[in-house]
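Trainee: This is the structure, below, for whatever I ask next.
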Number of protein chains: 2
Amino acid sequence: MQLLKDKIRTDGTVMPGSILNVGSFLNQQADVVLYNEIGREFARRFAGVTVDRILTIEASGIGVACITAQYFKNVPVAFARKFRAKNINDDFYCAEVTSYTHGVDYTITVPRPYLLPGESILIIDDFLANGCAIEGLAAITKAAGAVIAGAGVVIEKGFQNGGKRLRDNGIRIESLVIIDRMNVEEGIIFR
Amino acid sequence: MQLLKDKIRTDGTVMPGSILNVGSFLNQQADVVLYNEIGREFARRFAGVTVDRILTIEASGIGVACITAQYFKNVPVAFARKFRAKNINDDFYCAEVTSYTHGVDYTITVPRPYLLPGESILIIDDFLANGCAIEGLAAITKAAGAVIAGAGVVIEKGFQNGGKRLRDNGIRIESLVIIDRMNVEEGIIFR
């Protein structure tokens, strides 16, 4: 997706430790025009795939997921909440997730009524790096007896192993851009 | 807003302690069709008002804010993050907020580049009860040298004092519905 590559090159900042700061348009600040282009592109890539619901994770996935839902016949969007503590409760589907970026384990939860057996679920997230967040969302989807239509990712860090592991596990991943390499000296090298 | 009242009556649940659970369409699950009607109504109420940016707070304000931005010429949306610890850092605007619902104090932060001096800011949030969240967003807006165009609220709990205090402080509040009273016995009484 050329528009997104251009935006990342113009407004993204590569920081030490393979961190890409795209907060000014993708995370803590949302470029709603770009979000619409992203939603349109996900719809193009998943054309012909049944999608009953979009599932994402707080906080920065929510905006992209809601705008994207407009391109999938306004299906409902549910998001998983993150808790630092183990949060075992029969009212929720739960999964344990390790964030390597932040060096913490957390539990993600979705209320049971927001995922129904037999539904086809499109997972949407802004980043795919080690893949643990999407893996947790996939585990919750399966626990609900729902089917994973695929995962739409805005930016995949292709130099981390999450994308490969998820694809090896049979999940269709559509990443709008994949970064092969990035560092302060060279900048960003897209696949 | 009749559509919203109907939805709250049909799908909302009044719980002990003046808690209204509207998670199935307004919070952890988003009804994107309803979000669009909400955005359209905010645009109608703030017609003729300059809005350069929308400011909200994670997590459940983000979806409504992003959809609403589409009705304000796709202005950027920034959201404040919540931290349990004091989070003092020169890169951010910060405000201290007390959540009476959850019985905790937290710090909300917005990166400085996401609010510019002289801009006209529309605050959007899903709930207004004691008003502390919006008060924190207003304090951050003022600290940035920006102007508060007003605050668009989806549901105001009119029996709590936040709405009155914010209006007394000169902030224009547009609440799509105001609940005068609610309890398990009577249900919800709208103003």
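Throughout, read-outs are computed from the coordinates displayed, never taken from laboratory work. All of these numbers come straight from a predicted model, not from anything done at the bench. Ideal geometry is used to build each Cβ from the backbone, glycine not excepted, and the neighbour counts take in all protein chains shown.
Trainee: Could you tell me how many degrees, from 0 to 90 and to the nearest 10, lie between the Cα long axis of helix B:2-11 and the main elongation axis, the longest principal axis, of the Cα atoms of chain B?
Mentor: 70
Trainee: How long are the semi-axes of the equivalent ellipsoid of the protein assembly as shown, taking √(5λ) for every eigenvalue λ of the Cα gyration tensor, in whole Å from largest down? Don't jump to the answer; show the numbers that get you there.
Mentor: On the way: eigenvalues 205, 127, 77 Å².
Those come to 32, 25, 20 Å.
Trainee: Report the calculated FRET efficiency for residue A:168 and residue B:21 (r = Cβ-Cβ distance, R0 = 45 Å), to the nearest 0.05.
Mentor: It comes out at approximately 0.70.
Trainee: Setting aside same-chain residues fewer than 8 positions from residue B:164, which lysines have a Cα under 23 Å from its Cα?
Mentor: Cα-Cα hits under 23 Å: B:5, B:142.
Trainee: What are the distances, in nm and sorted shortest first, from the label point of residue A:184 to the label points of the same position in each other copy, with each label point placed 7 Å from Cα along the Cα-to-Cβ direction?
Mentor: Its label point is 5.9 nm from the equivalent points in the other copies.
Trainee: Now, a different point. Can you put A:147, A:33, A:64, A:75 in order, fewest other beta carbons within 10 Å first?
Mentor: Exposure proxy ranking, most exposed first: A:147, A:33, A:75, A:64.
Trainee: On to the next question. Antiparallel versus total DSSP beta bridges in the stretch B:3-145: what percent is that, nearest 5?
Mentor: Antiparallel bridges make up about 65 percent of those DSSP assigns within the stretch B:3-145.
Trainee: From the backbone phi of the stretch B:136-152, what are the Karplus-calculated ³J(HN,Hα) couplings (6.51 cos²θ - 1.76 cosθ + 1.60, θ = phi - 60°) in whole Hz, Gly and Pro given as x?
Mentor: x, 5, 5, 5, 5, 4, 5, 4, 7, x, 9, 10, 8, 5, x, 10, x
Trainee: Show that you can apply the helix-only estimate: for the protein assembly as shown, add -39,500 (n - 2.57) for every DSSP H stretch of four or more residues, divide by all residues, and state [θ] at 222 nm to the nearest 500.
Mentor: About -8000 deg cm²/dmol.
Trainee: Counting other C-beta atoms within 10 Å, and keeping those with at most 11, which DSSP coil trypsin sites (Lys or Arg not before Pro) do you find in the stretch B:1-95?
Mentor: For trypsin sites (Lys or Arg not before Pro) across the stretch B:1-95 that sit outside H, G, I, E and B with at most 11 neighbouring Cβ atoms in 10 Å, the list reads B:73, B:84, B:86.
Trainee: If the cut-off is 19 Å between C-alpha atoms, which lysines fall inside it for residue A:7, apart from same-chain ones fewer than 8 positions away?
Mentor: Reachable lysines: A:157.
Trainee: Let me ask something additional. For an R0 of 30 angstrom, estimate the FRET efficiency from the Cβ-Cβ distance between residue B:91 and residue A:100 and round to the nearest 0.05. Could you put the intermediate results ahead of the total?
Mentor: Values: r = 23 Å, r/R0 = 0.78.
So, using R0 = 30 Å, E works out to roughly 0.80.
Trainee: Specify the inter-centroid distance of the stretch B:151-191 and the stretch A:12-78, based on alpha-carbon positions, in whole Å.
Mentor: Cα centres, the stretch B:151-191 to the stretch A:12-78: 32 Å.
Trainee: Kindly state, as a whole number, the per residue volume in cubic angstrom of the convex hull around the alpha carbon atoms of the stretch B:2-190.
Mentor: Normalising the Cα hull of the stretch B:2-190 by residue number yields 105 Å³.
Trainee: Note the distances from residue B:10 to each other copy's matching label point, with points 7 Å along the Cα-to-beta-carbon direction, in nm, sorted shortest first.
Mentor: 4.2
Trainee: In addition: Nearest 5 percent is fine: what portion of the DSSP beta bridges confined to the protein assembly as shown is antiparallel?
Mentor: 50
Trainee: Using modelled amide H (1.01 Å from N, peptide plane; none on Pro or chain starts), what sits under 5 Å from the amide H of residue A:119, excluding residues fewer than 5 places away?
Mentor: So residue A:119 has HN proximity to A:147.
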